[in-house]
């Protein structure tokens, strides 16, 4: 046990030293398990050792009390929560008193061994806490999150090393970013030389050069506001690697909003950084990452637990819900954010409701914990209009953004807002084009447009993309669409918003249903992407009289109409876009103290970790209100497995057997669940109210169909449009 205390302490110090918390983390690690020195704990351990049973005797309270008495104050909460999770600090003392009273004999027994275990324990640990952590409660709250992360990661690694018989825990040596940058640059040049020339190739090189020049600047907040198609993936990667090399930072973390972009970007970075025969550089971590690959699966699975990799590609959800989590499993990786480069790609997709805690967290990481943040988007939000970011200095990577926007303007906008066309009218207009993309706001609208085409267009010309299709089905459709476009063949594609951010397709004409301004501009990035059309591509913005839109769009579309349209600005007008974002923030009252984001901020100031993660306690129901918790996405949807979306009958049979195994297994098999993810999509709760839909959903885990459940779709699944929510009534008879 003495070896474990010192091993955990040393590793925690190593993890926390880069952000100035090394000594605090050391003593948290040294004290975290001292309660195990009690005779009763040791006796019970011996009794259950052969069976692997649980000891069931408190071992955290003594270390928590000693840490408090020696000056660490509420930082002792890291010890109290090192297994169960951080608790609301205002109730920590009361919870500790109760546990000390319940286990008084065991605590006294363990305390007799303390001097022998930790003879060098300082009388005053408070002097080790940096002054800045004490002066600002938000700085202190973030510091505790990082120290807790360092502690639980060190504890897990040291324990694993013991049971695996290793001399030392598995911790990867710091990366040589000078070498990685050289590899990246050499491979990038080779790859670009094979792509051929295009009118925008020179502009992309200029963007890349500007980014590398800015990488020499001191760490802080940077902004890459290059238009869609300007090569931001390579430019931001080059910036991050060069900046990490220049300033001795520990890793690069690229976060994106959607899985399609995660997979796409990870493939690019892996191709440019991973070296054959060497340890992998790029870790792809999201819900559909394949950790079962025989070549790299074990490394990826272990690295994903704590992001022990030089270059991590993940999602906004994984990044920020880890930062504001409270459980050890989610927070092991959080200490990796300090002294790193965080690239937020398509940053306009951050949820408005959570902007206050997100921006404040980024501010603190940059100002107090050595992090550099790069905000990358063609539609840069006006974050500096919000209090959380108003005093944060920012460096633009592009030397002259307005000029670049003008030079990269590859489309002209047309507006069909009055009179309003029908969806069929728009579908018929698209038929008159050689190839066209139609982007609509709902899955029902996408199906309407596709069905208008399906009777008249030859096979292979008309395509459909929406979340009614499982991810693997969408991937196959995108691959076929790209192939046809590359060959110059006719393509009519209708899609929901999922096509917009980061999906690399190039159409001469894009029809976009009226939507928030950033979505209009993102859709325009799919038109004339390579700039080869002499007169530019066309983007037709239309307001369908029979079209729908998500509930969240009403306010955003209203703000869009005030700035953009006939006689007003086009969506690529930078000044108008800034006015649009400021109007959105004001309309959504993000600064109001009753807004969910501000309520989360108030909880953070009070160090109420459970309240941030799970919501405040409802005095009437005695349950926590999840609607007021930190959530990146609405998790009320039902997760639906569509085996009908499998590419081959043989694969479908294998998936059917997986579901049978999961239904009959007493323990969830995460490997089998991951195999189902490419065939899992979401149904909004509103879909469950449609006639007969509930009868076509069969639970996989549990016994009921409810929000957040995993269920199997046993109804119709169209080979072109996915789940059919308008099935024949005879299907309801079993």
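Throughout, read-outs are computed from the coordinates displayed, never taken from laboratory work. The shown structure was predicted, so the numbers you read here are calculated from the model rather than taken from an experiment. Because the Cβ atoms are built from the backbone with ideal geometry, glycine has one as well, and the counts that use them run over all protein chains shown.
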Order of 172, 529 - criterion: other Cβ atoms within 10 Å of each residue's Cβ, fewest first: 172, 529
Gain on full stretching of the segment that runs from residue 654 to residue 162 - 0.36 nm per residue minus C-alpha separation: 173.3 nm
Burial ranking of peptide ranges 479-486, 533-540, 464-471 (average Cβ count within 10 Å, highest at the top): 464-471, 533-540, 479-486
Taking 589-596, 161-168, 641-648 and ranking on average Cβ neighbours within 10 Å, highest first, one gets 641-648, 589-596, 161-168
Provide the percentage of antiparallel DSSP beta bridges, counting only those with both residues in the range 637-726; round to the nearest 5. 75
Go through (i) 156, 108, 48; (ii) 73, 64, 51; (iii) 86, 66, 55 and flag the label whose value is the computed Cα extents along the principal axes in Å for this structure. (iii)
Cβ density ranking, 10 Å radius, fewest first, applied to 50, 454, 519 yields 50, 454, 519
Tilt, helix 39-48 to longest principal axis of the chain (alpha-carbon atoms), in degrees rounded to tens, equals 60
Considering only C-alpha atoms, what is the centroid distance from the range 36-74 to the range 148-196, in Å? 34
Which part of the range 37-79 falls in the paramagnetic zone of residue 134, meaning amide N under 16 Å from the point 7 Å along Cα-to-beta-carbon? 68-76
Hey, what angle do you get for helix 649-664 against the long axis of the chain, alpha-carbon based, 0 to 90 degrees rounded to 10? 30
Can you give me the distance in nm between label points at residue 530 and residue 190, each placed 7 Å from the Cα along the Cα-to-Cβ direction? 2.2
In nanometres, what is the gap between the two model label sites at residue 454 and residue 634, each 7 Å from Cα along Cα-to-Cβ? 2.7
Between 0 and 90°, nearest 10: helix 574-587 axis offset from the chain longest Cα axis: 60
What whole-number distance in Å separates the alpha-carbon centres of the range 662-728 and the range 467-505? 24
How much length would be gained if the chain were fully extended between residue 83 and residue 395, taking 0.36 nm per residue of separation minus their Cα-Cα distance, in nm to one decimal? 108.2 nm
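Over the chain, what is the percentage of antiparallel beta bridges among all DSSP beta bridges, to the nearest 5?
15
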One finds the C-alpha centres of the range 360-385 and the range 403-418 to be spaced, in Å, by 28
What is the chain's relative contact order, in percent, from Cα pairs under 8 angstrom and six or more apart in sequence? 12
Within the range 205-230, the residues whose backbone N lies under 19 Å from a label point placed 7 Å from the Cα of residue 246 along the Cα-to-Cβ direction are 205-226
Ordered by packing density, taken as the mean number of other Cβ atoms within 10 Å over each peptide's residues, highest first, how do 120-126, 457-463, 153-159 rank? 153-159, 457-463, 120-126
Taking the chain and counting helices only, DSSP H stretches of n ≥ 4 at -39,500 (n - 2.57) each over all residues, the nearest-500 ellipticity at 222 nm comes to -13000 deg cm²/dmol
How would 236, 109, 665, 198 line up from fewest to most surrounding beta-carbon atoms within 10 angstrom? 665, 198, 109, 236
